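Let me begin by presenting the structure, written as structure tokens, before commenting on it.
The values are calculated or read from the model by the stated rules, or taken from the named source; none is laboratory data. A quick note: this is a predicted structure, and the numbers were derived from the prediction, not measured. Cβ: placed from backbone, ideal geometry, glycine included. Neighbour counts: every protein chain shown.
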């Protein structure tokens, strides 16, 4: 009996010792720099893979003065990514503009004498506003949509995902100008994410700061929220009378069935003040949907001028 008791006692002591041992520690989180390096590599890969998709972009842009809706446009555009960006074909437009206390509806973009759209521009960093013109709000709405959703009328825009390329400040071209910090973990849109905060290395830069929520497995952005890192310089606001309080945006990303990630929605709401007497509240929302994967690379061809 004694050997049996000794064996039982030994087993009990061993099991007690094992139970008292702390659980194996979780592997440490990668650094913010390591996370963002992987995000950049995956974003660059996704950018090339987006060439194989065609999709629809549904957008709504509105201009308000106080509670009064001054102008609103709802558009559907077919987006065809190309090797250097994307081409957007306007399929449908529903617009309404307040004139003389009643709304004028329209379904086409304004055109020049040669038939080209009046808001045609190759510079997506500029926003065309003619304050004092009877169609100021319409010019403003169309310029905002063209600049922020990269839907200009040039054959190729800078982005393959239907958003202006400068609205995602975490690409390989711009990441060197930012500093990142890992703020923790958060469950976002059904996914485990790293919460990364970011801002410019140069505190004097007028650029973006905000939060990026990065999928812990795919290392792709799930949500990015930004605001301006600093206000416009006082001299600019004083001399030009221009202010953009509240400017920022939110972009939501999701993967396609084959694993290619796309931004699926974009939204922003901010106030615009120009020349001291012109003030508007701008609302912009865009949704990418109806993705169709193609098996060839799309290229837009233009007819040569005789």
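At a glance:
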quantity: Strands (runs of 3 or more DSSP E) lying entirely in region 219-306 (those with 3 or more residues that are closer than 19 Å to residue 207 by Cα and either modelled with pLDDT of 80 or more or out of contact with any strand residue (DSSP E or B) (no Cβ under 6 Å at 6 or more places or on another chain) (or both)); calculated: 221-228, 248-255, 261-274
quantity: Residue in region 180-191 that is surrounded by 12 or more Cβ atoms within 10 Å (Cβ to Cβ), out of contact with any helix residue (DSSP H, G or I) (no Cβ under 7 Å at 6 or more places or on another chain) and either modelled with pLDDT under 80 or within 13 Å of residue 39 (Cα to Cα) (or both) present; calculated: no
quantity: Every residue from region 60-81 that is within 19 Å of the chain's Cα centre (by Cα) and either over 27 Å from residue 211 (Cα atoms) or surrounded by 21 or more Cβ atoms within 10 Å (Cβ to Cβ) (or both); calculated: 61, 62, 74, 75, 76, 77, 78, 79, 80, 81
quantity: Residues (part of a loop (DSSP other than H, G, I, E, B) and either touching a strand residue (DSSP E or B) at 6+ places or on another chain (Cβ under 8 Å) or at pLDDT 80 or above (or both)) located in region 18-48; calculated: 29, 30, 31
quantity: Subset of region 202-214 that is touching a helix residue (DSSP H, G or I) at 6+ places or on another chain (Cβ under 9 Å) and modelled with pLDDT of 90 or more - its residue that is surrounded by the fewest Cβ atoms within 10 Å (Cβ to Cβ); calculated: 212
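Residue by residue, here is whether (1) surrounded by 13 or more Cβ atoms within 10 Å (Cβ to Cβ); (2) at pLDDT below 90 holds:
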| residue | (1), (2) |
| --- | --- |
| 91 | no, no |
| 95 | yes, no |
| 99 | yes, no |
| 107 | no, no |
| 114 | no, yes |
| 119 | yes, yes |
| 124 | yes, yes |
| 130 | no, yes |
